[in-house]
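Report on one structure; see the data block that follows.
The values are calculated or read from the model by the stated rules, or taken from the named source; none is laboratory data. Not measured: the values here are computed from a predicted model. Backbone-built Cβ (ideal geometry, glycine too); neighbour counts: all protein chains shown. The area values use the complete protein model at the heavy-atom level, side chains included, leaving out ligands, DNA and RNA. Shrake-Rupley method; radii C 1.70, N 1.55, O 1.52, S 1.80 Å.
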Amino acid sequence: MGRLQDRVAIITGGASGIGAAAARLFVAEGAKVVIGDINDTAGEPIATELGDACVYAHVDHRSRDDNEAAVALAVERFGRLDILYNNAGIGSGGRFENISDDQLEQIISVNLTGPFRMTQAALPALRDSASSLEGGAAIVYTSSLQGISARPYLTPYTATKHGVIGLMKGLSLELASENIRVNAVCPVSTDTAMVRGFMSEDWTQAQKDESVAKSGQSIPLGRVAQPIDIANAALFLASADAGMITGTSLPVDGGMTAGIQDTAARRASRG
Ligand SMILES: NC(=O)c1ccc[n+]([C@@H]2O[C@H](COP(=O)([O-])OP(=O)(O)OC[C@H]3O[C@@H](n4cnc5c(N)ncnc54)[C@H](O)[C@@H]3O)[C@@H](O)[C@H]2O)c1
């Protein structure tokens, strides 16, 4: 018996990285999954790989029509909707004064408006299943460590991911009495296409691997996260194991938010 046995989930951004890991994990734990993404070339093969338990839908989560079609597909194909994992997102950064209107519009619409609209589309179906579900229906957002702290030159991204935490918290209180739990995972740097997309196109694979490994050195556990690390946290929050948890931002950060980091300089100063 899997931890999501016979539950039906929509995962946005399921064609790549964290969302793809979650789709594979949720199916392995007994769920039926609708993958929603704009990258059909990457998403369709994952659904094929996962067989009858998974279906792919072209979903730009900024589009109300796409979101409603994804929910209708979940209900038509699998009979219900129990879990919404709002995971799709993009990165964006640069010096604050250089952020263009287009860049700002794009990151707000993908990282904040999209999850907002997808949640609105899914709520009627989640309500239909919530009262009969042990642990309740579940909404999970992928925010970020930048949703609970900040770093320079990622301010547009940081603003949207803080916004996702506000969305999650407000909604958790609005929906608690209906047995719908709402939470967020907050990943540290995770080795996905998004992170590697920030690297120079001229770099070799080995240079990119080296850069990923190097950035892991500033994380207390000594490595960046892998997509499965984040998927495991989303699985927990989506499952009945988290039946008393709502309104929470769960850092999956290798210790980054625990306090002040021990650094080589500090170690040297201790002798
Ligand atoms: N990788 C990291 O270091 C990291 C850290 C913290 C949070 N996150 C968050 O994790 C989530 C997943 O990112 P990832 O790292 O797996 O990156 P990724 O690029 O591998 O996957 C993101 C997916 O979202 C899809 N997507 C983009 N715009 C979309 C839209 N408008 N509608 C539907 N799908 C869309 C992409 O096609 C892609 O498949 C994002 O919300 C991201 O902000 C990532």
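Per 10 Å bin, what is the whole-percent P(r) computed from every C-alpha pair distance within segment 79-149?
For segment 79-149, the pair-distance distribution reads 17, 39, 26, 13, 5, 0.
Convert 4 °C to kelvin, take the viscosity as 1.567 mPa s, use the Kirkwood radius over C-alpha pairs of segment 128-238 as Rh, and evaluate the Stokes-Einstein diffusion coefficient in µm²/s, rounded to a whole number.
82
What does the charge count around Met168 come to, taking other residues whose C-beta lies under 14 Å from its C-beta (Lys +1, Arg +1, Asp -1, Glu -1)?
+2
Once the other residues with Cβ under 10 Å from the Cβ of Thr113 are scored (Lys, Arg +1; Asp, Glu -1), what is the net sum?
After counting each charged neighbour, the total is +1.
Mind jotting down the distance between the C-alpha centroids of segment 201-271 and segment 62-137, whole Å?
Using only Cα atoms to place each centre, the spacing works out to 25 Å.
Charges only on Cβ, +1 for Lys and Arg, -1 for Asp and Glu: so what's the dipole of the chain about the Cα centre, in debye to the nearest 20?
Dipole of the chain, to the nearest 20 debye: 1000 debye.
Given an 8 Å cut-off on Cα distances and at least 6 residues of separation, report the relative contact order of segment 1-155 as a percent.
The normalised contact order for segment 1-155 reaches 23 percent.
For the chain, what is the percent of antiparallel DSSP beta bridges, rounded to the nearest 5?
Around 0 percent antiparallel, to the nearest 5.
Expressed in nm to one decimal, what extension gain is obtained for the pair Asn39 and Met199 from 0.36 nm per residue of sequence separation less their Cα-Cα distance?
Result for the pair: 55.5 nm of gain on full extension.
Can you tally the net charge around Gly147? Count Lys and Arg as +1, Asp and Glu as -1, for every other residue whose Cβ sits under 14 Å from the Cβ of Gly147.
Net charge around Gly147: +2.
Given a cut-off of 26 Å, what percent of all Cα-Cα pairs of segment 16-175 lie beyond it?
Result for the distance tail: 29 percent.
Rule-of-thumb check for segment 229-270: C-alpha Rg over 2.2 N^0.38 Å?
So segment 229-270 has a normalised radius of gyration of 1.74.
I'd like the carbon and sulfur percentage of the solvent accessible area for segment 126-208, probe radius 1.4 Å, heavy atoms only, ligands and nucleic acids excluded.
53
Using amide H atoms built 1.01 Å from N in the peptide plane, name the residues 5+ places from Val33, or on other chains, whose amide H lies under 5 Å from its own.
Long-range HN contacts for Val33: Ala9, Cys54, Val55.
Taking the Cα centre of segment 1-153 as origin, sum charge times position over the Cβ atoms of Lys and Arg (+1) and Asp and Glu (-1), and report the length of that vector in debye to the nearest 20.
460
May I ask you to derive the relative contact order of the chain, considering only C-alpha pairs under 8 Å and at least 6 residues apart, and to give it as an integer percent?
It rounds to 18 percent for the chain.
Where does the chain land at 222 nm, in deg cm²/dmol rounded to the nearest 500, when only DSSP H runs of n ≥ 4 count, each adding -39500 (n - 2.57), divided by all residues?
Calculated at 222 nm, the ellipticity per residue is -13500 deg cm²/dmol.
For segment 128-187, what class follows from the C-alpha gyration tensor (a ≥ b ≥ c being the square roots of its eigenvalues): rounded when a/c is under 1.5, otherwise prolate if a/b is larger than b/c, else oblate?
Cα axes put segment 128-187 in the prolate bin.
Can you find, among Thr41, Ile245, Ser177, the residue farthest towards the positive end of the dipole of the chain? Put +1 on the C-beta of Lys and Arg, -1 on that of Asp and Glu.
Ile245
With every protein chain kept in place and ligands, DNA and RNA left out, what is the accessible area per residue of the chain? Probe 1.4 Å, answer in Å².
Solvent-accessible surface per residue comes out at 48 Å².
With point charges of +1 on the Cβ of Lys and Arg and -1 on the Cβ of Asp and Glu, referenced to the Cα centre of the chain, which listed residue (Ala28, Tyr153, Tyr56) lies farthest in the positive direction of the dipole?
Highest projection toward the positive end goes to Tyr153.
Treating the Cα atoms of the chain as identical point scatterers in vacuum, please give the log10 of the normalised Debye intensity I(q)/I(0) at q = 0.11, 0.14, 0.15, 0.17 Å⁻¹, two decimals.
Those come out to -0.60, -0.96, -1.09, -1.37, one per q.
May I ask which residue of Ser269, Ser144, Ser100 lies farthest towards the positive end of the charge dipole of the chain, with charges of +1 (Lys, Arg) and -1 (Asp, Glu) on Cβ and the Cα centre as origin?
So the residue we want is Ser269.
Quick one, could you list the DSSP H helices from the chain stretching 18 Å or more along their long axis (Cα atoms) with average Kyte-Doolittle hydropathy of 0.0 or above?
What comes out of the filter, once short or polar helices are dropped, is 155-175.
Please report the orientation-averaged projected area of segment 177-255, defined via the convex hull of its C-alpha atoms, in nm².
Over every viewing direction, the Cα hull of segment 177-255 projects on average to 6.2 nm².
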